[in-house]
Amino acid sequence: MFVSLNWLKNYVDIDSLSSEELAEKITKTGIEVDGIEYIAEKSRGVVVGYVETCDQHPNADKLNICQVDVGEEQLQIICGAPNVRQGQKVVVAKPGAVLPKNFKIKKVKLRGVESNGMICSLQELGIEEKYVPKDIAEGIFVFPDDVTVGEDVEPLLNLNDAVLEFDLTPNRSDALSMLGVAYETAAILGQDVKLPEETVHSAAEKAADYVSVSVKDPDLNPYYGAFIARDITIKPAPLWMRNALIAAGIRPINNVVDITNYVLLEYGQPLHAFDYDQFGSEQIVTRRAGQHENMTTLDGEERTLSNENLVITNGKEPVALAGVMGGLNTEVTDDTTTVLLEAAYFAPSTVRTSVNDTGLRSDSSTRFEKGVDPNRVEKAGWRACHLLETYAGATILAGPVSFDALDRSEKTVEMETDEINKRLGTAVTADDVVSILNKLQFSFEQDKDTFVVHVPTRRGDIAIFEDMLEEVARIYGYDQLPFTLPEGASQAGGLTGKQQLKREVKQYLQSAGLMETITYSLTDEAMIDKLISPELKEKRPTPVQLAMPMSEDHKYLRLSILPELLKTLAHNRARTQSDIHYYELGSVFVTNGEPITRQPDEKLRLAGALTGLWISHPWQQEKKPVDFYLVKGIVEGLFDYLDIPAAFEQVELPDMHPGRCATISINDRTVGFLGQLHPAFEKSMDLKETYVFDMNLEAVLDDYTNTTGYRPIPKYPSIARDIAFIVDEDIKAGAIQEAIAEAGDPLVKNVQIFDVYKGEHLPEGKKSIAYSLFYQDPDKTLKDDEVEQSYQQIVSTINEKFNAYVRS
Amino acid sequence: MKEQLETIRQEATARIKEAENLKELQDIKVTYLGKKGSLTSVLRGMGKLSKEERPVVGEIANKVREAITNEIDEKTETLEKKALEEKLRNEAIDVTLPGRPVQVGGPHLLTGIIEEIEDLFIGMGYEVREGPEVETDYFNFEALNLPKGHPARDMHDTFYITNNLLLRTHTSPVQARTMQQYGGMQPVKMICPGKVYRRDTDDATHSHQFTQIEGLYVDANVRMSDLKGTLNTFAKSMFGEDREIRLRPSFFPFTEPSVEMDISCKVCKGDGCSVCKHSGWIEILGGGMVHPNVLEMAGYDSEKYTGFAFGMGPERIAMLKYGIDDIRHFYTNDKRFLTQYHHAKGGAL
Ligand SMILES: [Zn+2]
């Protein structure tokens, strides 16, 4: 909503404040003023001039030499505007004048003839092109005759106006009208509101002789008033009205259209003017549209309607889509002489539906959708009639003809001073409340500290005590509220165990050198089924798809964090950031079957993606690229940190390197995977060698048991023995390690691999793996023969199981 | 023999003095004091001496041995010191060459901001609650006093999955869920951070995915002044003791009265500058007193219980705090952006 301060001055006295001060007060009281626009930059030395003569320039076809009376003197001005004529009153910038953008007017010679000033268009005075009436868009502005030659044009053209831009919250539709703004301003400043003139000298002739009104669905259309205005002359609206519309952001058209627009903005009540002679009948019937009924709206579009839409008909066919747009045939034109003026109340729901169906949103529909003031519908009609009578020469017939089932009653809200103070933490008195209600111009009954407030219908947002509480608080001033802290019983706050653990997991990964990322949860069709962890894929999840995605890139809820994470790697690589070590913790969305009827399971997963160099120290020729064992080490470290045993097993997964990929399991349950991306997949994503991991963090954390006990530090020394086995190449080191630990239990406390060797001195197809075994007995010092016995046990077990022999 | 001993001593002293390294010194030691050394051979001739002379010469010989030993020890120490100095000199390196880089990870900037806010409210006795990102229409809208067809639903451009399922447009459903879980029986004191989604085209100031953090306090006799005091405490500890807050009336369907909170601009101290769009104030969060309909729907008696709620956007806070000009940076994850916020805590807006 644009609020012209010059317009607002008609209703409330704001002269004591600057526009900035007023904006600040309005903002603090509840309507955010987004900005202050000045209609035009200051101009100097621009006055009304009278074109005494206008003759063609001898040396230029398109120029005219004008002798212009500007009051104190007569100026010869060359003018190139196509619409300049002798006898016009025009805008003259005299020599020495300064126009917006610091354009200085000087005496010049044009094609050999002296020109002492400039006759201006509205654009040259700083008014935006889109507000300039179409017929003078290419030419100069011409005043009506009643202005005085030599007068300063600034007030005449409202160039000194300031316009406040309101950012209205949906509840404050009352401020979608200048009168509503006037009440708000008056409440803030403690002023009265001066209401506009609505009187009409009605003719004896009755509107009812011209038209009848019939409403088929009073729920959707509880009031319909039809006014008849005869003997109309279509011409430009008065200058002040055109100025006001331009300030409000509406282009002036002609007196009838401008008057309906002016009243729309003034009262917040949309009106519609039909050309009575084109109406096609003498009856107005409003009804729900039929299914698939067609009508052509004012914009020339053919619309197909449904029975949720309300239409205004002439008894035969629709002439308007109620509250949204009129029909093409009944539009007011230059030839219109009799106007049928509609002032109606349409239910917000039907207008909303019609707007959504047609995509036509207008100043009118916006107001109907929010609900107009029932007590202002008919008044707005009379106000428009008053203006038609004054500025269009109209004769207003006795009326209106109306259908009326409109509820105009005021809501009442009870409140007590004690309850107000209890809720706000204030100490307001009954007198304070009286003063606040008076400022708001709400009527009320008072019994000591108890009030019954009659809420005016213009404030449709107020229905319950809490609504009134806000009114009291905001007029009292939010800045007057004290600062207190809640007095309820205090309780210890904190994170749950799992929340704490989540933070620790992040901390571990960060200290391991990974950077946290947050990527989009919505991904595209090509990526939705990529890199889904095997235990999840097994469940055959259905991708959750948006009903109406904004773009193909963000269409499905992710089933894996990795695809979007890998996109960020590609983004970085494209910007020569090739060493990336990222992780992300977030939800994936799992559901089964279609159609989707329940909320998907949101599984917390942890994923990482690493590429490029891990260590790079160029001058020492040290370069260590990210590899499988780095990523595995980070993952193993996490499980060590959480004290959860994890197992890794070779696996082949789509889009993963067939020889460098493993599942991650805890307690024989797969919870994720890790490995290198398949080179073909890497290439398709514009990536170089990249390693990833992904796991169901929720399952991992569920497995975590908080160790509250204590593991004693061993008192007796440990004994280390090394052993190397020669085995077939395809035997996994991890399997042997596991078997050693099992065979050596309980004395072997730890098994570590310290060498893996293939090549010289070994038979073809064989490899050697060396392990360090650490023996320990918690209760005594181990004897050599005990260790030896266990050692032999291990050797024979491994030999049996893996056909392995000890390398000497 | 005395003369002989004296000569040995003088000779040895001279050679020790001249010795340039430990090897030479070792040779000298062997030459004079060794089993086949000159001093030893002199002493071997002692048998030829008279009974009276023997102890005298013996004493002299011992003194000579002692003197030579001492001189050798002294010289050894000197030479060792010299050798060490030499070694250290050779070990000198160019300390201006760069060290080996350490891989440093860190939290995402938004995590830093969210955890800072979490910790602040945990300190005030709040618990942290989480909720689903795919919500039902009921919890996202209806339970928050936004029935179907409510014009304020326009404020939320929603990603629907089905008629009933949607991506939550705010974290407020967690409030409704928590209250419902507590069943109207006990006070609620919680904050809920999380991801939310709106149908916006991504540009410098809009993102279809962003984060929110909300707070809710429900108890008997919670006052609007408590909201003001709580937000003031929050603002001062988050942004600095010298910052002022200002509440303005606003509108949210789930609160009544509703507020918008501004904090005084740090840059201009309230005089107006480009950061605060010349108002002296910067909008930080919205909130208000929990609407009685919301309390009642969750099973709380709105005659007995009142409460306040507030919500803010970590992206906005981060953008103001660090002067970040494009919201997309949070989700593009450019390394040059992320690494600027290794420890995104502390500091003032
Ligand atoms: Zn500032």
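The values are calculated or read from the model by the stated rules, or taken from the named source; none is laboratory data. Small disclaimer: the values here were computed from a predicted structure and weren't measured. Cβ: placed from backbone, ideal geometry, glycine included. Neighbour counts: every protein chain shown.
Being free of Cβ contacts under 8 Å to residues at least 24 places away in the same chain, away from the ligand (no atom under 16 Å from the Cβ) and surrounded by 21 or more Cβ atoms within 10 Å (Cβ to Cβ): is that true of B:R223 here?
So B:R223 fails the test.
Among the residues of the stretch B:94-121, how many are crowded, with 17+ Cβ neighbours inside 10 Å and either closer than 21 Å to B:Q212 by Cβ or of a type in the set (D, E) (or both)?
Count: 13.
Picking from A:D299, A:D334, A:D258, which residue would you name as being acidic (D, E), under 19 Å from A:S364 (Cα atoms) and surrounded by fewer than 22 Cβ atoms within 10 Å (Cβ to Cβ)?
Answer to the check: A:D299.
Rundown of residues vs (1) away from every other protein chain (no Cβ under 12 Å); (2) of a type in the set (S, T, N, Q); (3) away from the ligand (no atom under 16 Å from the Cβ); (4) part of a strand (DSSP E or B), yes/no style:
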site: B:R243; (1), (2), (3), (4): yes, no, no, no
site: B:P249; (1), (2), (3), (4): no, no, yes, yes
site: B:D262; (1), (2), (3), (4): no, no, no, yes
site: B:L285; (1), (2), (3), (4): yes, no, yes, yes
site: B:D301; (1), (2), (3), (4): yes, no, yes, no
site: B:T306; (1), (2), (3), (4): no, yes, yes, yes
site: B:G311; (1), (2), (3), (4): yes, no, yes, yes
site: B:K321; (1), (2), (3), (4): yes, no, no, no
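Please note which strands (runs of 3 or more DSSP E) are completely contained in the stretch A:1-105 and include at least 2 residues that are in contact (Cβ under 8 Å) with a residue 60 or more places away in the chain.
Fully inside the stretch A:1-105 and qualifying: A:2-4, A:32-38, A:44-56, A:89-99.
Please report, ordered by residue number, the helices (runs of 4 or more DSSP H) entirely within the stretch A:430-546 with at least 3 residues that are more than 10 Å from chain B (Cβ to nearest Cβ).
Values: elements: A:430-440, A:465-476, A:497-511, A:534-537.
The qualifying helices (runs of 4 or more DSSP H) are A:430-440, A:497-511, A:534-537.
Looking at A:A380, is it part of a helix (DSSP H, G or I) and either more than 23 Å from B:L247 (Cβ to Cβ) or hydrophobic (A, V, I, L, M, F, W, C) (or both)? Walk me through it before giving the result.
Values: part of a helix (DSSP H, G or I): yes; either more than 23 Å from B:L247 (Cβ to Cβ) or hydrophobic (A, V, I, L, M, F, W, C) (or both): yes.
Against the criterion (part of a helix (DSSP H, G or I) and either more than 23 Å from B:L247 (Cβ to Cβ) or hydrophobic (A, V, I, L, M, F, W, C) (or both)), A:A380 qualifies.
Can you spot a residue in the stretch B:138-147 that is farther than 25 Å from B:F251 by Cβ, in the same structural domain as B:D301 (by TED's automatic domain parsing) and not basic (K, R)?
Within the stretch B:138-147, none of the residues are farther than 25 Å from B:F251 by Cβ, in the same structural domain as B:D301 (by TED's automatic domain parsing) and not basic (K, R).
Give the residues of the stretch B:99-108 that are more than 7 Å from chain A (Cβ to nearest Cβ) and over 16 Å from A:S511 (Cα atoms), sorted by residue number.
Taking the stretch B:99-108 as the starting set, the residues that turn out to be more than 7 Å from chain A (Cβ to nearest Cβ) are B:99, B:102.
Passing the criteria: only B:G99.
Of all residues in the stretch B:287-299 being within 12 Å of another protein chain (Cβ to nearest Cβ) and small (G, A, S), which is nearest to the ligand (Cβ to nearest atom)?
Looking at the filtered set, the residue picked out is B:G287.
Would you be able to say whether some residue in the stretch A:185-199 is surrounded by 23 or more Cβ atoms within 10 Å (Cβ to Cβ) and not aliphatic (A, V, I, L, M)?
There is at least one residue in the stretch A:185-199 that is surrounded by 23 or more Cβ atoms within 10 Å (Cβ to Cβ) and not aliphatic (A, V, I, L, M).
In the stretch B:266-276, which residues are near the ligand (Cβ under 7 Å from one of its atoms) and touching a Leu at 6+ places or on another chain (Cβ under 9 Å)?
Once the filter is applied, which keeps residues that are near the ligand (Cβ under 7 Å from one of its atoms) and touching a Leu at 6+ places or on another chain (Cβ under 9 Å), the stretch B:266-276 yields only B:V275.
Among the listed residues A:A699, A:A646, identify the single one that is more than 14 Å from A:L562 (Cα to Cα), more than 14 Å from chain B (Cβ to nearest Cβ) and in contact with a helix residue (DSSP H, G or I) (Cβ under 8 Å, 6 or more places away or on another chain).
On inspection, the qualifying residue turns out to be A:A646.
Could you list all residues from the stretch B:129-145 that are touching a Phe, Trp or Tyr at 6+ places or on another chain (Cβ under 8 Å) and either assigned to a helix (DSSP H, G or I) or facing chain A (nearest Cβ under 7 Å) (or both)?
Listed by number, the residues that qualify are B:E133, B:V134, B:L144.
So for the stretch A:651-669 (the condition being part of a helix (DSSP H, G or I), of a type in the set (A, V, I, L, M), in contact (Cβ under 8 Å) with a residue 60 or more places away in the chain and surrounded by fewer than 20 Cβ atoms within 10 Å (Cβ to Cβ)), does at least one residue qualify?
First pass over the stretch A:651-669, keeping only residues part of a helix (DSSP H, G or I): none.
Within the stretch A:651-669, not a single residue is part of a helix (DSSP H, G or I), of a type in the set (A, V, I, L, M), in contact (Cβ under 8 Å) with a residue 60 or more places away in the chain and surrounded by fewer than 20 Cβ atoms within 10 Å (Cβ to Cβ).
Exactly one condition in (1) among the hydrophobic types (A, V, I, L, M, F, W, C); (2) closer than 25 Å to A:S587 by Cα; (3) more than 9 Å from chain A (Cβ to nearest Cβ) is false for B:V188; which is it?
For B:V188, the exception is condition (2).
I'd like to check something: does the stretch A:42-53 contain any residue that is within 30 Å of B:W281 (Cβ to Cβ), surrounded by fewer than 19 Cβ atoms within 10 Å (Cβ to Cβ) and either charged (D, E, K, R) or modelled with pLDDT under 90 (or both)?
yes
Restricting to the stretch A:521-551, name every residue that is touching a residue at least 24 places away in the same chain (Cβ under 8 Å), within 20 Å of the chain's Cα centre (by Cα) and surrounded by fewer than 20 Cβ atoms within 10 Å (Cβ to Cβ).
A:L546, A:P549
Taking B:F234, is it within 16 Å of the ligand (Cβ to nearest atom) and either among the aromatic types (F, W, Y) or touching a Leu at 6+ places or on another chain (Cβ under 6 Å) (or both)? Before you say what the answer is, go through the steps one by one.
Values: within 16 Å of the ligand (Cβ to nearest atom): no; either among the aromatic types (F, W, Y) or touching a Leu at 6+ places or on another chain (Cβ under 6 Å) (or both): yes.
So B:F234 fails the test.
Would a scan of the stretch B:328-343 turn up a residue that is within 30 Å of B:Y182 (Cβ to Cβ), buried (at least 20 other Cβ atoms within 10 Å of the Cβ) and not basic (K, R)? Please lay out each step first, then the result.
Residues of the stretch B:328-343 within 30 Å of B:Y182 (Cβ to Cβ): none.
No, the stretch B:328-343 has no match at all.
Of B:E91, B:E80, B:E71, B:E66, which residue is touching a residue at least 24 places away in the same chain (Cβ under 8 Å), among the charged types (D, E, K, R) and exposed (fewer than 13 other Cβ atoms within 10 Å of the Cβ)?
Being touching a residue at least 24 places away in the same chain (Cβ under 8 Å), among the charged types (D, E, K, R) and exposed (fewer than 13 other Cβ atoms within 10 Å of the Cβ) holds for just one of B:E91, B:E80, B:E71, B:E66, which is B:E80.
In the set A:L122, A:L110, A:L99, which member is more than 18 Å from A:V47 (Cα to Cα) and surrounded by 14 or more Cβ atoms within 10 Å (Cβ to Cβ)?
That would be A:L110, the only listed residue that is more than 18 Å from A:V47 (Cα to Cα) and surrounded by 14 or more Cβ atoms within 10 Å (Cβ to Cβ).
Of the numbered conditions (1) touching a residue at least 12 places away in the same chain (Cβ under 8 Å); (2) out of contact with any Phe, Trp or Tyr (no Cβ under 6 Å at 6 or more places or on another chain); (3) away from the ligand (no atom under 16 Å from the Cβ), B:G280 satisfies every one except a single condition; which is it?
Among (1) touching a residue at least 12 places away in the same chain (Cβ under 8 Å); (2) out of contact with any Phe, Trp or Tyr (no Cβ under 6 Å at 6 or more places or on another chain); (3) away from the ligand (no atom under 16 Å from the Cβ), B:G280 violates only (3).
Within the stretch A:606-622, work out how many residues are assigned to a strand (DSSP E or B) and either among the β-branched types (V, I, T) or modelled with pLDDT under 90 (or both).
Number satisfying all stated conditions: 5.
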